[in-house]
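A.B. asks: Let me give you the structure first, and then I'll get to my questions.
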Amino acid sequence: MNKKDLLIGFAIGILASLLGMFLYITLIVHTDFITGIQSMKNEGHLGKIVTLGSILDLIAFGILLKMNKELMARGVVLAVIALTIATLFI
C-alpha cells in the first residue's frame with residue numbers, strides 16, 4: 001500500500017471540499033468566505049455547508065476511479081470521513 005497516493009487523495013478531498021464551500025458561499029450566499037463561514041456557524045448551518053462542499057469530493061472520487069487510482073480515491077473517502085467527524089465537534 002503506497003501511503004503517498006493515499007495522502008495525495010486525502011489532500012485532494014480536503015481541497016475539493018474547501019473549494020466547494022468557497023464556491024457556494026461566494027456564488028450563492030454572496031458574501032466573502034470568512035464572513036460567510038462565521039455567519040453560518042453562528043446560525044448553526046456549518047454542517048450543511050460542509051455537506052454541500054463535499055459534492056466536489058464525489059466528482060473527484062469518480063475521476064480518480066476512472067483513472068484507476070484506487071488508493072487516491074480511498075484518500076478522498078478518508079477526507080470525507082475526517083470532515084464529517086470534524087463537523088460533529090465544531
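A.B. asks: Under a cut-off of 20 Å between alpha-carbon atoms, report the aspartates and glutamates in cross-link reach of Lys3, not counting same-chain residues fewer than 8 places apart.
C.D. replies: Straight-line reach from Lys3, under 20 Å: Asp57, Glu70.
A.B. asks: Using a 1.4 Å probe on the protein heavy atoms only, what accessible surface does Leu18 show? Give it in Å² to the nearest 10.
C.D. replies: 80
A.B. asks: For the chain, what % of the accessible area comes from carbon and sulfur atoms, probe 1.4 Å?
C.D. replies: C and S atoms contribute 72 percent here.
A.B. asks: Let me ask you something else. Just to confirm, what accessible area per residue do you get for the chain at 1.4 Å probe, in whole Å²?
C.D. replies: 66
A.B. asks: Excluding ligands and nucleic acids, what accessible area in Å² is computed for Leu58 using a 1.4 Å probe, to the nearest 10?
C.D. replies: Accessible area of Leu58: about 120 Å².
A.B. asks: Any of Lys48/Lys69; Lys41/Lys66; Lys4/Lys66 with alpha carbons more than 31 Å apart? Name them for me.
C.D. replies: Beyond 31 Å: Lys41/Lys66.
A.B. asks: Right, next: Heavy atoms only, probe 1.4 angstrom, no DNA, RNA or ligands counted: give me Phe10, Phe22, Phe89 ranked by accessible area, highest first.
C.D. replies: Phe89, Phe22, Phe10
A.B. asks: Putting +1 on Lys and Arg Cβ atoms and -1 on Asp and Glu Cβ atoms, find which of Ile63, Ala86, Gly44 reaches farthest to the positive end of the dipole of the chain.
C.D. replies: Ile63
A.B. asks: For the chain, how big is Rg over Rh, using alpha carbon atoms and the Kirkwood form of Rh?
C.D. replies: Taking Rh as the inverse mean 1/r over Cα pairs, Rg/Rh reads 1.04.
A.B. asks: Quote the charge dipole size of the chain about the Cα centre in Debye, to the nearest 20; the model charges only the Cβ of Lys and Arg (+1) and of Asp and Glu (-1).
C.D. replies: Once rounded to the nearest 20, the dipole reads 260 debye.
The values are calculated or read from the model by the stated rules, or taken from the named source; none is laboratory data. Note that the coordinates shown come from a computational prediction; the quantities given were computed from them, not determined experimentally. Cβ coordinates were reconstructed from backbone atoms using ideal geometry, including for glycine residues, and neighbour counts include every protein chain displayed. Ligands, DNA and RNA are stripped out before the accessible areas are found, and what is left, the full protein with its side chains, is counted by its heavy atoms. Shrake-Rupley method; radii C 1.70, N 1.55, O 1.52, S 1.80 Å.
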